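Data block below; observations after.
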Amino acid sequence: MSNDKVILVGVDGSQASYKATWWAANYAKHAGLMLQIVCAYSLPSYAAVSFDSTYTSMGDDNAAHIDAQEILAKAKAIANEQGVEAQTLIVTGDPSSVFVELSRNYNLIVIGNRGKGGLAERLLGTTSSSLPAYAYCPIIVVPYTDDNGKAMHLNNTIKKVAVGTDSSPWGLKALQMAADLASDNGAELDVIDAVPGLQGVGQEDGVYESYMEDLEEVLAPTRQAHPDLKIAKTIVPESSVSALTKASLDHDLVVVGSRGRGGFTGLLVGSTSQGLLQHAAGPVFVVPRKFVEAEKSSSAGNVDSVSGVKRVSVEALDSEEVKALESSIDSQA
């Protein structure tokens, strides 16, 4: 199941996952891609948390399957409202393991963040289960609420892209993918190099100029590949997490590499609950280390399908239900 032209979005019944579906549907529409929506569950954990809202008997697969279909019906309705005809999938298994395996066969997976428990907690809560850290394809994490718990409004188009980069393979790949995304969407690209050691150093000392020259050297291949792309570059004397969190306030997408050593590419090695993913005010596009490594491998793409994935049909929601759902996931809907 290699899906070069398909975006996968994970849902679990939380408002955060429905917000991710809304964003993924708009992304798919503008990029001319297909959208698949997947609901993953394992019965032991399902009996304990039952996705995010209801409870069922231990081991009752039929009830779990019905609930999954209801969740998928809501997500599909949201996608339909954006003009996207989505496919709906159910897969049984621990969501953390399932999504890592699914990432072998997709070019992009979208998940929501800041839900109360559920999928976001299982996929983002700890380093050991962090999907962005261990995925084989890029992951976009879409925030649902701000740090105060208020549902946020997100743009449905990409006009400004920020990228945190350094000279590591993951930082350079993040820069390449950010430039491609910006070019494809007719957007501006802001390239940010965070150097905490420059705090207190004056612009007149010539140190900034030296860093700017190094950054321009890193940017040379990007300018050659995208001669018409509007690119701004900035040296920021603060931490990468702080710099990109601020950038998320006025950019439609923030791109970053993960699992490198230090700098931007190292920011997701530690607890993601305290980093960029938990505080960003907009979607974060993560380029994982395994994605870069797999791309260089001759065996990349030669993987088996994830077992247990089934396409399912779902019932349509009426227009009033869809309007109520949309208004609950966006502060300006």
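The values are calculated or read from the model by the stated rules, or taken from the named source; none is laboratory data. Here the structure is a predicted model, which is why all the values come from computation and not from measurement. As a convention, Cβ positions derive from the backbone with ideal geometry for all residues, glycine included, and neighbour counts pool all protein chains shown.
Quick rundown of the values:
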quantity	calculated
Selection from the range 50-91 of residues that are touching a Gly at 6+ places or on another chain (Cβ under 6 Å) and at pLDDT below 60	Phe51, Asp52, Ser53
Cβ-Cβ under 8 Å pairs, at least 6 apart or on other chains, the range 239-268 side at pLDDT 95 or above and crowded, with 23+ Cβ neighbours inside 10 Å, far side of a type in the set (Val, Ile, Thr) and in a loop (DSSP other than H, G, I, E, B)	Leu253/Ile158
Helices (runs of 4 or more DSSP H) contained entirely in the range 140-256, each with at least 1 residues that are β-branched (Val, Ile, Thr) and in contact with a Gly (Cβ under 8 Å, 6 or more places away or on another chain)	240-247
Test result for Asn148, under 22 Å from Ile111 (Cβ atoms) and either of a type in the set (D, E, K, R) or surrounded by fewer than 16 Cβ atoms within 10 Å (Cβ to Cβ) (or both)	yes
